[in-house]
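> I'd like to ask you about the structure that follows.
The values are calculated or read from the model by the stated rules, or taken from the named source; none is laboratory data. Please read these numbers as outputs of a predicted model, since none were measured by experiment. Note that we place each Cβ from the backbone using ideal geometry, even for glycine, and neighbour counts take in every protein chain shown.
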Amino acid sequence: MMNKDNLYQNGETNGNFTFNDQVAEVFDDMVHRSVPLYDTVIDAISRLINQKQQVRITIYDLGCSTGTTLLELSRRLNHSSQRLIGIDNARPMLSRARRKAAMFGKADSISFREGDILDCPLPGADVVLCNYTLQFIRPPVRRNVVERLYQALPAGGLLIVCEKVLAEGLFHHRFIDIYHDFKRQQGYSELEISAKREALENVLVPFSTEENMALLKQAGFDRVEIFCKWFNFASFVAVKE
């Protein structure tokens, strides 16, 4: 059972948002109640990867947090040989990911490593996942990161990016209002919504849908598509040809 996210129930931010022990303990509940279509996107990712007709596959999940995505993929992928590797720079997240993998009997098939996605090696990568990860990287650095991921992939390799995105013009505030309604429906109070937004203000910096598409194409990816979108959340798949 997930520990309930009540970190901001008193409306206190306690500084900028960080992936510390307190966040790690409630992260699974937090992400399911804060990211629309979270499970649907993971299922869609598995379907995209299953389109790759190969016996063996190596997948890196950068910013893997508590390992949910890789655990779900390990159940859904058709490939007979799977090498699933999660990389994160937050030790509390990795600790919880390893506990979950052991709990579900996946400790031998999924490995988790501490590392910085700015420079961690990605040998043998067929697919790289960046789910709600690039948004936490400083904007001036993102192009270099994506270019490095392009270089790490072989021909036919996939980069999958899921992000919170900015809408343009009058839709910007409308989409934010709809998102806050979503969070209220998940049981978050006005105090919690406001405090969380303040804590993330200087930490999570989203790009627009168009900026994310341009970022991927400028890195060298010839084919980029949106495969899932919910107001101010979007998921992209890029193929290296």
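> In the range 198-241, what count of residues is obtained for those that are assigned to a helix (DSSP H, G or I) and either closer than 27 Å to residue 8 by Cα or touching an Asp or Glu at 6+ places or on another chain (Cβ under 7 Å) (or both)?
Total meeting the criteria: 4.
> Just to check your reading of the model, which residue among 14, 50, 10 is at pLDDT 95 or above and exposed (fewer than 15 other Cβ atoms within 10 Å of the Cβ)?
50
> Another question about this same structure. Only one of 74, 95, 109 is surrounded by fewer than 17 Cβ atoms within 10 Å (Cβ to Cβ), within 30 Å of residue 153 (Cβ to Cβ), hydroxyl-bearing (Ser, Thr, Tyr) and without any contact (Cβ under 8 Å) to a residue 40 or more places away in the chain. Can you tell me which?
Unique residue meeting the criteria: 109.
> Quick check: anything in the range 215-223 under 23 Å from residue 69 (Cα atoms), in contact with a helix residue (DSSP H, G or I) (Cβ under 7 Å, 6 or more places away or on another chain) and among the aliphatic types (A, V, I, L, M)?
yes
> For the range 5-21, which residues satisfy the criterion of being touching a helix residue (DSSP H, G or I) at 6+ places or on another chain (Cβ under 8 Å) and among the polar types (S, T, N, Q)?
The answer is 6, 9, 10, 13, 14, 16, 20.
> Residue 74 fails exactly one of the following numbered conditions: (1) closer than 30 Å to residue 177 by Cβ; (2) among the hydroxyl-bearing types (Ser, Thr, Tyr); (3) part of a helix (DSSP H, G or I). What is the number of that condition?
All conditions are met except number (1).
The rows are residues; the columns are (1) under 30 Å from residue 123 (Cα atoms); (2) assigned to a helix (DSSP H, G or I).
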residue	(1), (2)
135	yes, yes
142	yes, yes
149	yes, yes
164	yes, no
169	no, no
175	no, yes
181	no, yes
184	no, yes
188	no, no
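> Hey, among the residues in the range 111-128 that are within 17 Å of the chain's Cα centre (by Cα) and of a type in the set (D, E, K, R), which one's farthest from residue 69 (Cα to Cα)?
Looking at residues that are within 17 Å of the chain's Cα centre (by Cα) and of a type in the set (D, E, K, R), I get 116.
> Hey, does the range 67-78 have a residue that's among the polar types (S, T, N, Q), over 20 Å from residue 29 (Cα atoms) and out of contact with any Pro (no Cβ under 7 Å at 6 or more places or on another chain)?
Within the range 67-78 (the criterion being among the polar types (S, T, N, Q), over 20 Å from residue 29 (Cα atoms) and out of contact with any Pro (no Cβ under 7 Å at 6 or more places or on another chain)), the answer is yes, since at least one residue qualifies.
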